[in-house]
Every structure is written in structure tokens, then in C-alpha cells.
Amino acid sequence: MPEPLNHIATRAEALGRRLAAQRLNRNLTQRQLADAAAVSINTLRRLEAGDNVSLDSLIRVMEALDLGDRLEALAPPADVRPVDRVRMAAARERRRATGDGVAKATPWTWGDDT
């Protein structure tokens, strides 16, 4: 189910503010960061305002801010499916002995000493 558009806009604005804060923490002007990311200054301004920009521009800015390694968190590799993780965790849990592997005792009677 798609999220309401105002919620998406709010998230985009928050992301833009965080990117602007990262830029300011590095004492970079918008012009310096735009040049380092090879994007136009208008694109950077739109990104920091939470407006739509291309995915390419977002990646370029994050790389220029040395945040490219955080892109993996957006969509981690799907090498193990979540259902498989649950199955693996269940297989590792300790289980009560069922007695299936224990030899059953035969009834003892007098005179069976052979």
C-alpha cells in the first residue's frame, strides 16, 4: 500500500535537512559540495529542500559527503530470505530429547542370563 504523499514529502524534507547538516558539519558551501558531487547548485538546493532530484544526484552527493557506504542500508543484499532466517534460527534452538534415538529396554525375566 503506498504511503500518503504528505508523509513522503515529510521524509524527503527530513533527508534534505540531514544532508545539509552533513555538509555544514564538513564546513562546505553548497557550491563546494555541488562541484565535488558533479551536480548543479540548483540540484543540490532542491535536494536539501526535499524536492525531487534524480537517484543519480542523490548518490553523487552522498558519495561526495563520504556517506556512500550508508546506501547499502537502504536495500541490503537479499542473499538470505527472511523466511530462511527464521528456519535457521529454529533449527539452532535446543530441543527436548524425544527418546527416538534411545534403544528400548526389553522386559527382563528370570532365567534370561544368556
Any chance D113 is at pLDDT below 95 and of a type outside the set (F, W, Y): yes
Mind checking which pairs have a first residue in region 32-45 that is free of Cβ contacts under 8 Å to residues at least 60 places away in the same chain and a second that is among the β-branched types (V, I, T) and surrounded by 15 or more Cβ atoms within 10 Å (Cβ to Cβ), Cβ under 6 Å, 6 or more apart or different chains? A37/V61; T43/V53
In region 11-27, what residues are in contact (Cβ under 8 Å) with a residue 24 or more places away in the chain and not charged (D, E, K, R)? A12, A14, L15, G16, L19, A20, Q22
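The values are calculated or read from the model by the stated rules, or taken from the named source; none is laboratory data. Because the structure is a prediction, the values reported are computed rather than measured. Reconstructed Cβ throughout: ideal geometry from the backbone, glycine too, with neighbour counts over all protein chains shown.
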